[in-house]
Each structure stands twice: as structure tokens, then as C-alpha cells.
Amino acid sequence: MQKVKHNFKQPSIKLSPKQRVGLLLMLSLLVMILFMTINLGNNLHYILIRRGYILFTMIIVAFAASIATVLFQSITNNRILTPSLMGFEALFILIQTMIVFFYNDTPSYWVFSIIKFIGESCLLVAFAVLLYRWLFSFVHFNINLILMVGIVLGTLFRSAAALLQRLLDPNEFSVLQSRMFATFTKASPELIWFSAIVIFFFGFILWRKCHLFDVLALGRNQAINLGVDYRRTVTTTLLLISILVAVSTALVGPLTFLGLMIANLAYLIAGSNQHRYILPVAFLLAMIALIGGQLILEYVLHMAGALSIVLEFIGGIFFIYLVLKRF
Amino acid sequence: MSDISPSSLWSNSHIRDIFFISRVPRTIALLLAGSAMSVAGLIMQLLTQNRFVEPSLAGTTQSASLGLLIIMIFVPSASIITKMIVASLFAMAGTVLFMLILRKIVLKSALIVPLVGIMFGSVISAITIFLAMHYDLLQSLGAWIGGGDFSSVIQGRYELLWLVGLLTLFACWVADSFTVAAMGREFSTNIGLNYRRVMLMGLSVIAVVSGIIIVVVGALPFLGLIVPNLVSLMMGDNIRKTIPWVCLMGGGLVLLCDIIGRVIRYPFEIPASTILGVIGAVIFLFLLINQSRYAKS
């Protein structure tokens, strides 16, 4: 524990972790208020409801991405891995496409029925857990190999999905294209509410096990020594993470680098190694990044709708920086 | 869409036209692009001393696309030759930048190089997509690059690929110097090789090949990676002996992908690059896991 702590660059201002969470909370509230109130036109009712849904979508996605990434990094004991880099999201898109392909039916997360959605989600979450459990046991010690295999699996899933989508309907290029980028404005209200319930429910379960992840973050051997049922905990965590990623992907589409950036920033800013501080800090940072980013793009740079691409760009550079710093 | 037999080719002028305007150029284009891309991958692997890189895993292809987009934005009416030159220049710049980033890495583990390359490529394609969206060119860019599409290759649109073929032949001819360069800078300088010149030569071949192929047929993912590796698994590492096989197998693989793409949903065509993406990723995974087993034992 002591050794890990020294790796942090402590900012010169001395604030307790609680004060930092408080500051970030205020900042994110400010960003939210700005988002809701800037440039209100005449049709107040419509605009407020529409913005409200977009804001709510962003909060859900920020929550899912931050929790999934931080916990994924804790169980793999590595700060470069994220569910998205490992191809989780691409897998979910592929499986959704396959379901549509083989049952020859409208995409389920476009116009969906909730029961069908739950059934399919269970199926694809189970598949994801099996696949990644297998991957982690198979190449246990070489983190680079795991990362590489994950990225290539992601490419494979994306190409396979693209192939199936082409087989599905050669004319609908625009539909295919709209799913390659994340958008926060297209989800339907019932899907947003359903995702919110699922994500906050499972997120809450994970949140309550914070102390367990503090132990897991010490690494596999330490955790087993301290009496954690390692295999079971890792499997359940992977399961819950997959649920979060699945629902968030169904809601907005793939966002590769958001989790990676905010998790690493959270380790720097939180001023503590305990998950009960890191998780809220990551969540708040994710909200500030998404909502603030959208604000800047929309009102300062006048480029609405490009948020996911800008995140991809900054995140990619950040990833290269992380890799270069480590080696 | 009628059957072609030698006799009908002789007697029916319509069939003769289809054959010589569409089928023959398409087949030649497939073979030339496939073999050139494989050889470019092989050269890149020799120069970076890493088995897991190829132009699309090192930002070269993505930089070429960026170049293509920039010329589409500023000079929409540019000729195909101008497009090709600009794309090649960007490919060159991108590859050099990647090499410079690589120099910063002290400990070059076999997998760090492609990881950095993949991320470098995704940063560049994020810029490209952003610009394309801003100028409302996303769809036409997709048609150029996402294609890997040989269905538009007819007489008059593939001839530049002969240049790629010449470059491939040139690369085969100087294969030995690349082999020596692959031993590292110190070693090759010691035995009297002009390391900088060979490096520049290799980079130019890679850049021009990638640039031309992006402009004429679109991206061919994974090809330069899997073909040289499979050949070296089967035939060893004597480049002078294996390079003809690399050409042959690269051309053959792209041809196979194109045929598969034309058959599985018959009246429609699926671009060869989409098929190649799936097959290539599977083979790459196999190579990765295989390699790690070797490393362990």
C-alpha cells in the first residue's frame, strides 16, 4: 500500500479527499446548470425537456463508463486496460447485429421490447464474461499480449459486425454509419429510463463492495493472501461490468477512450487509493468531461455532435502518452 | 452476367468487352494490390525489427487517408495523380512520425510497437473523421477508403497499379539490403550498408505503395501483417527466397477475398476489404497466441 501511494504526484494544495469530491461536485453542478440554461430560445418547454434527456443520458453514460473502467483496472491490476480497449463494446454491437441478422427483425435497441432486451442482454453478458475470463486465464502474465489480443478481438468483432450489416441490407449505409459513432441525442425516452434503472441498480451493488476492490487492487496474490475469494469476485465483477458496458453501448454507442482518461485522471486527483473516493471522483470527472466538452464544442466552437470524435482524438494521444511513460 | 467460354469470348463482342474492360483489369488490380501491400508489410517488419507491424498498424494507411481528404477539401477537382502524390507524401510523413515516436520507447517489447502504432493510427483517423464531418465529406471519404472495393476497378482506373507492381519488383530486387537493415543500425553500418539510404528507400516504397492503393482501391487491412508471417512460418526467413511467395500469396489472398465477397450474397458485392478484415483478424489472433507460446517454451 505504502509503495503504491508514493507513485502518486500529490498536488501542492492540501485538500482532504472529501473536500476534493465536494469541489468536483460543485463544478459538475455548475456545468449542468450552464448546459440547461445557455441560449434558451422561445420554445422553453420543448428545449428544456430535450436538453434534460440529453443531460440524463450523459449522466448515465458517465456513471457506467467511470465505474466499469475503474473496477476493470482494479481487477486486472493495470491502468492501461479498459473494457472498451478490450473490445467489450464491439462484442456487444456484433452480438446485437447477429441477433438481428439471424432472427431477421428490427434492431432490438432501436425499437425494443424490454423483455426481449433483458433476455438478449443476459445472453451477451454471459458470453462476454466467458470469453474474457478465458482470455485472462490464458495469457495471465503478459499484459501487453492481453491488450493486443483485446484490441484485435475488438477489430474482429467490428469487421464481423460490418460484414453482417452489409449482408443485412446493402442500401442502408447511413444507419450503419450512425452506429459507428457515439451520439447522445438519439436514444428514445423509454430506453433512457430503462438503462438508468439497470445501470444505477448494478452500479449501486458494485459501489457497496468498495472495500473489496481496495484489496483486489493490490494484485492477485495479495488479495488471495488477505482472504478474498479471487475467482468468484473477479467473475462477478466482470459480469457486472459487462452489464454496465452492454447497456451503455446500447444507449449511445461505443466510446473507446472516455473511461481510460477519466480513470487515470481520477487516480491523480482523488488524493486517495480508496475506491470510495476514486469512484465518485471518476464519475464526477466523467460528467464534467462529457457535459463540459459538449458545451465547449456546441457554444464556443460551434461544432455540435462531434464530441465522441474529439474524445477519441484526445484519448488516443493520452493512451500513447501512458504507454510511452510506462516503457 | 453471362457465362464466358473461350469460344464466346471469340465470337461475342459484348462478352469480349466485359471480359477485357472489367474482368481482366479487376483481376490484375487484385493481384498487384495484394502483392504490393504484402511486400510493403514485409519491408516495414524488417525496418522496425518487429513482426507485428504493417502499414495500417503504424498510421501509414490512416495518414494516406488524411492526405486524400485534405486534397479533396482544398482541390476537389485534382487529378488522380495529384491525389496519389499527396496521399503518398502524407503516408511518408505519418510513417516517419511513427518511427520517431518509436525511438522514444526504451524497452521495445514485441507488442508495444504495434500497440503504439494502432493508437497512433486511431488518433490520425480521428482527425480525418473530424475534418470529414466538418466539411460534410464523410460519405465520399467512406466510399474511397472504407471501400477496399474492386468493383469500381475497370479499364482506365487501375493502370496506376502497374507502378505499384514496379515498386514491388524493385523491392524484391533490393531485398537483401532490407534483410541487412533488419539486423539493426550498428550491425548494418558495420558491414558497410548505407543504413539511412536503405531506411529512406524502404519508407518511400511503403509510403508510395500505401498512397496509391488507398487512392485506387482503398484500404486492405491486415494483409501486410498476415501474409509475411504465414510465409515465414512455412518457409523460414530467407527474404530473397520467400519474397516471391509473399507476392504470390498476397495476391492470391486478396483474389480469394474478392471472390468470396462476390459469391456470398450473389447479386450484391461485399468489398474484399471487409472479408479481409474478418479473415485477417482471425489469422492475426492465431499468430499472436502462437507467438506467445513460443516465447514461453
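Computed from backbone phi, the HN-Hα couplings of the range A:244-261 come to 4, 5, 4, 5, 5, 5, 4, 6, 10, x, x, 10, 5, 9, 4, x, 4, 5 Hz, rounded to whole numbers (Karplus: 6.51 cos²θ - 1.76 cosθ + 1.60, θ = phi - 60°; Gly and Pro given as x). Once C-alpha pairs closer than 8 Å and six or more residues apart are averaged by separation and normalised to the residue number of the range A:208-327, the relative contact order reads 24 percent.
Put simply, the Cα atoms of the range A:224-327 extend 54, 33, 26 Å along their principal axes, the longest span coming first. Based on the convex hull around the alpha carbon atoms, the range B:174-297 presents an average projected area of 9.4 nm². Return the FRET efficiency for the residue pair A:Met36, B:Ser109: r is the Cβ-Cβ distance, R0 is 51 Å, and the value is rounded to the nearest 0.05. E between A:Met36 and B:Ser109, to the nearest 0.05, is 0.60.
If the elastic network links every pair of Cα atoms under 10 Å, which of B:Val96, B:Val39, B:Val278 fluctuates the most in the Gaussian network model of chain B? Most flexible of the set in this elastic network: B:Val278. Rolling a 1.4 angstrom probe over the protein assembly as shown with all protein chains present gives an accessible area of which 67% lies on carbon and sulfur atoms. Considering only alpha-carbon pairs that sit under 8 angstrom and 6 or more positions apart, the relative contact order computed for chain B is 31 percent. Calculated on the Cα set of the range A:269-327, radius of gyration then Dmax: 14.3, 39 Å. Interface between chains A and B: roughly 3600 Å² of accessible area buried, both sides summed (probe 1.4 Å, protein heavy atoms only).
The candidates A:Phe102, B:Phe170, A:Phe92, arranged from most to least accessible area with a 1.4 Å probe in the full protein assembly, appear as A:Phe102, B:Phe170, A:Phe92.
Would you mind estimating how fast the range A:220-279 diffuses translationally, via Stokes-Einstein at 4 °C and 1.567 mPa s with the Kirkwood radius over Cα pairs, in µm²/s? Write down the numbers at each step before the final one.
Working: Rh = 13.8 Å.
The Stokes-Einstein estimate is 94 µm²/s.
For the pair B:Asp176 and B:Arg197 in one chain, pulling the backbone fully straight at 0.36 nm per residue adds 6.2 nm over the alpha carbon distance.
Extent of the range B:25-67 along its three principal axes (Cα atoms, max minus min coordinate, largest first): 35, 24, 12 Å.
Output needed for the protein assembly as shown: three equivalent-ellipsoid semi-axes, defined as square roots of 5 times the C-alpha gyration tensor eigenvalues, in descending order, whole Å.
Details: eigenvalues 368, 180, 111 Å².
The equivalent ellipsoid of the protein assembly as shown has semi-axes of 43, 30, 24 Å.
Across all directions, the average projected area of the convex hull around the alpha carbons of chain B is 17.2 nm². Quick check: the distance between the Cα centres of the range B:175-198 and the range A:21-82, to the nearest angstrom? The range B:175-198 and the range A:21-82 have Cα centres spaced 54 Å from each other.
The values are calculated or read from the model by the stated rules, or taken from the named source; none is laboratory data. Owing to the predicted nature of the structure, the values given are computational and were not obtained by experimental measurement. No Cβ is skipped: glycine too gets one built from the backbone with ideal geometry, and neighbour counts run over all protein chains shown. Side chains included, ligands, DNA and RNA excluded: accessible areas come from the protein's heavy atoms. Shrake-Rupley method; radii C 1.70, N 1.55, O 1.52, S 1.80 Å.
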